[in-house]
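Please read the structure below before turning to the comments.
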Amino acid sequence: MSKAEVISVRPAWQQELAQAIRSPIELGERLGLPESWVNAHSRARELFPLMVTRHFVGLMEKGNIADPLLRQVMPSNEEYLEQEDFVTDPLVEQDNTTPGLLHKYHSRVLVILRGGCAINCRYCFRRHFPYSEHHFGRQQRSELLAYIQADTNINEVILSGGDPLLATDTQLSQLLTELESLPQLKRIRIHSRLPVVLPERLTPALAKRLGDSRLQAILVLHANHPREIAAELQQALVAWAQAGVTLFNQSVLLRGVNDNAQVLAALSEELFAAKVLPYYLHQLDKVKGASHFAVTDAEALTIGEQLRALLPGFLVPRLVREVAGEPSKTPLELTLK
Ligand SMILES: *Cc1c(COP(=O)(O)O)cnc(C)c1O
Ligand code: SF4
């Protein structure tokens, strides 16, 4: 077989991913950013590597160092700022006893299916997570099944990461088959940012597999800004909805990205046009290196109030924070009592 034939076997989204941009210089050149600015910030990639797909870069505004999409991926000097309450493991997850499995909430268990992502978001609460210890192979699969069977309260499995859609359609389908065999399960949920940076990942084959499953299938997207909902993504999402997958979105409230009710309202409108309902708007987890993205609780509550005045109730995301040890995500209002 020739090399070209071997390559053509890989799905389009994997080929796209192999071409992801990892160099700040290349990113700066593509966007026509001042070289001095790029050089001043690029060192911070030693803290967390730069990675972004060409598709996502294509949605950025040329020549704008303050572009809200660029801000999410470009290393920044501000990541060296030390802030006492911003730590490496804000959610106290790293000493979890069953590797690859987080069971914090009563009825659902979260599985870390894949370590990596197709984009490295600078604000990511898992930027210090020891992913290499979380390979999900055959053994982890049988441990997961045994774990679920030992707790009949579990009725939903959440595939998360990293990004679970980095697994192939075949791998996901095999795991789904095993989960379908457990009568206690009602739902399968996928948490993924991958469609936003690689819309081709929403393959019709996977939509059909999920839509036809005995388990009700949910995709929770992660988009933060209206410009992330590109035309290709919108079309693919509508097709997934038509295949029978329920679609939600979660966002993180980020200074300089979406800390503005007008922007968030526009995001909700774009999402709904793609058959996606806003689900959560997360107050930032206090992870070391991300303090420059923080929005104060007072500002967050004001933005939430303004958003309610702009949108119908079903387009307003729930403003929440994750509090270690709590039985669910906590509405921001309740964390201030
Ligand atoms: C956020 C999260 C969930 C999902 O919570 P929902 O409120 O059901 O969306 C489940 N498990 C863990 C560990 C989580 O962090
Ligand atoms: S896609 Fe999600 S898990 Fe991956 S880097 Fe971004 S925020 Fe973190």
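The values are calculated or read from the model by the stated rules, or taken from the named source; none is laboratory data. Keep in mind it's a predicted model, so treat the numbers as computed, not measured. Note: ideal-geometry Cβ built from the backbone for every residue, glycine included; neighbour counts use all protein chains shown. Note: areas computed on protein heavy atoms with side chains; ligands, DNA, RNA excluded. Shrake-Rupley method; radii C 1.70, N 1.55, O 1.52, S 1.80 Å.
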Item to check | Extreme residue, farthest from ligand 1 (Cβ to nearest atom), among residues of region 260-314 that are within 12 Å of His225 (Cα to Cα) and over 18 Å from the mean Cα position of the chain (by Cα) | outcome: Gln262
Item to check | Restricting region 141-157 to residues that are in a loop (DSSP other than H, G, I, E, B) and open to solvent by 60 Å² or more (accessible area, probe 1.4 Å), the residue that is nearest to Arg193 (Cα to Cα) | outcome: Asn153
Item to check | Breaking point among (1) within 17 Å of the chain's Cα centre (by Cα); (2) within 16 Å of ligand 1 (Cβ to nearest atom), for Arg122 | outcome: (2)
Item to check | Residues of region 188-214 satisfying the condition of being without any contact (Cβ under 8 Å) to a residue 40 or more places away in the chain and in contact with a strand residue (DSSP E or B) (Cβ under 8 Å, 6 or more places away or on another chain) | outcome: Ile188, Ile190, Ser192, Leu210, Gly211, Ser213
Checklist outcome for this item: For region 158-203 the number of residues that are within 13 Å of ligand 2 (Cβ to nearest atom), open to solvent by less than 10 Å² (accessible area, probe 1.4 Å) and either farther than 23 Å from Asn249 by Cα or assigned to a helix (DSSP H, G or I) (or both) is 7
Checklist outcome for this item: Considering only helices (runs of 4 or more DSSP H) wholly within region 7-71, the ones with at least 1 residues that are of a type in the set (Phe, Trp, Tyr) are 12-18, 35-41, 54-58
Next on the checklist: Just to be sure I understand, how many residues within region 325-337 are surrounded by 11 or more Cβ atoms within 10 Å (Cβ to Cβ) and within 12 Å of ligand 1 (Cβ to nearest atom)?
Outcome noted: 5
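Okay, residues lined up against (1) open to solvent by less than 60 Å² (accessible area, probe 1.4 Å); (2) in contact (Cβ under 8 Å) with a residue 60 or more places away in the chain:
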{"site": "His55", "(1), (2)": "yes, yes"}
{"site": "Pro68", "(1), (2)": "yes, yes"}
{"site": "Met74", "(1), (2)": "yes, no"}
{"site": "Leu81", "(1), (2)": "no, yes"}
{"site": "Pro99", "(1), (2)": "no, no"}
{"site": "Val111", "(1), (2)": "yes, no"}
